[in-house]
Amino acid sequence: MKRIVYAAIFILTFGFSSSPGSEEITYRKHIKPVFDARCIACHGPDAAPEYEAFKEEKEKWLSRGKGMRMDTYSHIIFYTAWPDTGSLMRRLDDGKNTKDRKPGNMYQYLGVTEEERQKNLKLFKEWVGTWTLKRWSEITKEELNRIKVKY
């Protein structure tokens, strides 16, 4: 009888939880490890400290092989949701749904193989929620509200 009670408690506790495939994608658990492995060399703490600083001295930063800093949650959000809406998506996109079919300039760095790039792109897309290539002036409030980017 005890075994039946324990089995029932186990099933009620764990049996109805979501499957691992439906786990919510978060910055800390999923995105940061990919970023640290694939992007930090150019977009880490020694990159341009802010977007405006990068724009002011773009050639200096590019000559060093550095871009804008994105190694923190608040930095990466700047290029995802606001104010540089869609920038991260435009750069990481594989181009399969664009008119010119060209991938973004950072897509190639998402992985060594096409399979790895697609896997990491899928992860970023799930994290963002609404994968849009639109800029701030083009995006609707409804689309912006669908951007998830959980910490």
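Bear in mind these aren't lab numbers, they're just calculated from the coordinates by the rules spelled out. This is a predicted model, so every value here is computed, not measured. Cβ sites come from the backbone with ideal geometry, for glycine too, and all protein chains shown count toward neighbours.
Mind scanning 29/66; 58/141; 32/102 and naming the pairs with a C-alpha gap bigger than 29 Å? Don't skip to the end; give the middle numbers.
Values: 29/66 25 Å; 58/141 31 Å; 32/102 26 Å.
Over 29 Å Cα-Cα: 58/141.
Cα gyration tensor of the range 72-123, axes a ≥ b ≥ c as square roots of the eigenvalues: rounded (a/c below 1.5), prolate (a/b > b/c) or oblate? Each step should come with its number before you reach the end.
Details: a/c = 2.61, a/b = 1.40, b/c = 1.87.
Oblate.
So between residue 142 and residue 40, what do we pick up on full extension, going 0.36 nm a residue minus the alpha carbon distance? Spell out each step's value before the answer.
Working: separation 102, 0.36 × 102 = 36.72 nm, distance 3.17 nm.
The residue 142-residue 40 span can extend by a further 33.6 nm.
When only DSSP loop residues count, what trypsin sites (Lys or Arg not before Pro) in the range 86-120 have their Cβ near at most 16 other Cβ atoms within 10 Å?
On the way: sites: 90, 91, 96, 99, 101, 117, 119; in loops: 96, 99, 101.
Answer by residue number: 96, 99, 101.
For the Cα atoms of the chain, what angle does the longest principal axis make with the long axis of helix 114-128, in degrees from 0 to 90, nearest 10?
Between the helix axis and the principal axis of the chain, the angle is about 80 degrees.
I'd like the distance separating the alpha-carbon centroids of the range 69-95 and the range 25-42, in whole Å.
So the separation of the two Cα centres works out to 13 Å.
Measure nothing but the geometry: give the 0 to 90° angle between the long axis through the Cα atoms of 2-14 and the longest principal axis through the Cα atoms of the chain, rounded to 10°.
The two axes meet at around 20 degrees.
Which values of log₁₀ I(q)/I(0), to two decimal places, follow from the Debye formula for the chain at q = 0.15, 0.22 Å⁻¹ with a uniform point scatterer at every Cα?
Taking Cα atoms of the chain as identical point scatterers yields -0.82, -1.54.
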